[in-house]
């Protein structure tokens with residue numbers, strides 16, 4: 001009973017604390033403090049100390065984004081991309097991703113690259129996609145390594161180079177990305193960009209399969225027969 005009471009008391013305390021913080025953010029946000037506007041937007045988006053309200057979240061993210069706060073620019077771009085709290089607008093999503101990317105936000109760089117690659121909210125431009133994947137990779141973003149592998153494998157925004165594709169996929173695979181593990185397994189199985197090696201292929205298929213990658217599971221089953 002004491003543990004249940006303590007747990008309940010803790011939750012109530014945290015909620016009340018969050019509610020107080022939300023009230024503090026309101027005052028400071030209305031005074032034009034960008035950090036407070038961003039924090040208030042988070043409170044509305046996540047329901048911390050207040051009811052979830054994506055419209056209010058978008059409003060305060062935009063207020064902070066207009067003051068050049070990178071995290072707010074990135075989150076606002078996501079809301080426009082998904083149509084949450086605002087009317088869906090891929091072009092505005094790209095605009096805010098670009099602002100955040102130029103301010104050093106790795107996630108924005110990656111999303112912006114994806115938009116250029118897939119022609120979402122902007123004309124298709126593989127050169128720009130490759131550029132922003134490279135910028136994201138330079139920050140240590142693991143997903144960017146996976147994407148750069150595809151760029152080199154398919155010759156998108158850069159000359160086709162299967163050996164480099166393998167290098168990037170191997171890096172991403174070693175960091176636990178199932179899709180990269182599957183890709184590198186395929187390369188080892190077929191000898192693409194690297195020497196053919198059935199043992200390494202089995203290893204990487206198994207690594208991807210353990211993460212629930214369906215294609216890796218199917219290929220692993222066939223090879224083990």
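Scoring residue 68 on the criteria (1) within 16 Å of residue 35 (Cα to Cα); (2) more than 17 Å from the chain's Cα centre (by Cα); (3) assigned to a helix (DSSP H, G or I) leaves a single failure, condition (3). Counting only helices (runs of 4 or more DSSP H) wholly contained in the range 119-225, the ones carrying 1 or more residues that are at pLDDT below 95 occupy 142-154, 198-209, 214-224. Look at the range 45-71: where a residue is at positive phi and modelled with pLDDT under 95 and a partner is surrounded by 15 or more Cβ atoms within 10 Å (Cβ to Cβ) and in a helix (DSSP H, G or I), sitting 6+ places away or on another chain with Cβ atoms under 7 Å, you get 49/18; 49/21; 49/22; 49/43.
When residue 32 is tested against (1) assigned to a helix (DSSP H, G or I); (2) modelled with pLDDT under 95; (3) surrounded by fewer than 16 Cβ atoms within 10 Å (Cβ to Cβ), just one condition goes unmet, and that condition is (1). Against the list (1) over 29 Å from residue 101 (Cα atoms); (2) surrounded by fewer than 17 Cβ atoms within 10 Å (Cβ to Cβ); (3) free of Cβ contacts under 8 Å to residues at least 12 places away in the same chain, the condition residue 203 fails is (3). Under the condition of being farther than 24 Å from residue 159 by Cα, in a helix (DSSP H, G or I) and without any contact (Cβ under 8 Å) to a residue 12 or more places away in the chain, the residues counted in the range 75-118 number 2.
Yes/no per residue for (1) crowded, with 19+ Cβ neighbours inside 10 Å; (2) over 26 Å from residue 31 (Cβ atoms):
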| site | (1), (2) |
| --- | --- |
| 67 | no, no |
| 73 | yes, no |
| 82 | no, yes |
| 87 | no, yes |
| 96 | yes, no |
| 100 | yes, no |
| 106 | yes, yes |
| 111 | yes, yes |
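The values are calculated or read from the model by the stated rules, or taken from the named source; none is laboratory data. Nothing here was measured: the structure is a model prediction, and the numbers come from that model. Quick reminder, even Gly has a Cβ in these numbers, built from the backbone with ideal geometry, and neighbours come from all protein chains shown.
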